[in-house]
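Some notes on the structure that comes next.
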Amino acid sequence: MRSARYESSGALDSVFEPVTGLPDARVFGLLVERKLALARRELQPLSLVAFEIDDYSAMGGSQTRVAMLMTSRIVCSTLRSSDTVCHFGDGVFAAILDNTPDAGAVWAADRVRRNLALRHRVAELTLSMGVAAYPTHALEAGDLSDEAFAALAAARSAGPARIEVAAAARH
């Protein structure tokens, strides 16, 4: 979350989504670049998980706010504190999981899905998720992000509460 120093100055408000307090897509892009460079140097995997709230566009005004807050809180509390979660807008989030291969990212995504189901009892709130990992699915940051979001699109088209993994890259 943001520190009081940033909130009072307003200097970084444009990089934090106001409802969730999470960094936005621009920060995500920069962090993926840096974290991928580190993963490459240390010969470690790096995974991205893209999340989208199912049926977000059908929700009403206050429902969208509650759904975004609940999703951001559950995603952040379920993933490791070293993982980075960002908000892309319109019910879309993404996480960067350091030192995590694709199987670990799928496991983490499934934990998020289960925790969301356990904590959201009033109405059904589900997420579709896409997973991509370096070096299995892509070698460059932009390609890795594209693969995660393509897997998310495949999950959305397969139905609610799905997790899809990107196809292995041909290096």
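The values are calculated or read from the model by the stated rules, or taken from the named source; none is laboratory data. Everything quoted here is computed from the prediction, not taken from an experiment. As a convention, Cβ positions derive from the backbone with ideal geometry for all residues, glycine included, and neighbour counts pool all protein chains shown.
For the range 117-171, residues that are of a type in the set (Lys, Arg), in contact with a helix residue (DSSP H, G or I) (Cβ under 9 Å, 6 or more places away or on another chain) and outside any loop (DSSP other than H, G, I, E, B) total 1.
Consider residue 80 carefully, then state whether it is modelled with pLDDT of 95 or more and part of a loop (DSSP other than H, G, I, E, B).
Working: modelled with pLDDT of 95 or more: yes; part of a loop (DSSP other than H, G, I, E, B): yes.
Criteria met by residue 80.
Residues that are more than 15 Å from residue 53 (Cβ to Cβ) and outside any loop (DSSP other than H, G, I, E, B) were ranked within the range 87-100; the one that is farthest from the chain's Cα centre (by Cα) is 98.
Would you point out which residue out of 78, 84, 136 is of a type in the set (S, T, N, Q), closer than 29 Å to residue 33 by Cβ and more than 16 Å from the chain's Cα centre (by Cα)? Please lay out each step first, then the result.
Details: 78 fails: more than 16 Å from the chain's Cα centre (by Cα); 84 fails: more than 16 Å from the chain's Cα centre (by Cα).
Only one candidate qualifies: 136.
Within the range 110-142, the residues that satisfy the criterion of being surrounded by 16 or more Cβ atoms within 10 Å (Cβ to Cβ) and closer than 23 Å to residue 42 by Cβ are 131, 132, 133, 134, 135, 136, 137, 138, 141. Among the residues of the range 3-41, those that are more than 15 Å from the chain's Cα centre (by Cα), at pLDDT 95 or above, of a type in the set (A, V, I, L, M) and within 23 Å of residue 109 (Cβ to Cβ) comprise 36, 38, 39.
Evaluation of residue 44 against the conditions (1) part of a loop (DSSP other than H, G, I, E, B); (2) under 15 Å from the mean Cα position of the chain (by Cα); (3) not hydroxyl-bearing (Ser, Thr, Tyr) shows that the sole unmet condition is (2).
Here's a check for you: in the range 156-168, which residue that is closer than 17 Å to residue 111 by Cβ and in contact (Cβ under 8 Å) with a residue 40 or more places away in the chain is surrounded by the fewest Cβ atoms within 10 Å (Cβ to Cβ)?
Of the residues in the range 156-168, the ones closer than 17 Å to residue 111 by Cβ are 161-165.
Those left that are additionally in contact (Cβ under 8 Å) with a residue 40 or more places away in the chain: 161, 163, 165.
Working: 161: 16, 163: 23, 165: 23.
Residue satisfying both the conditions and the ranking: 161.
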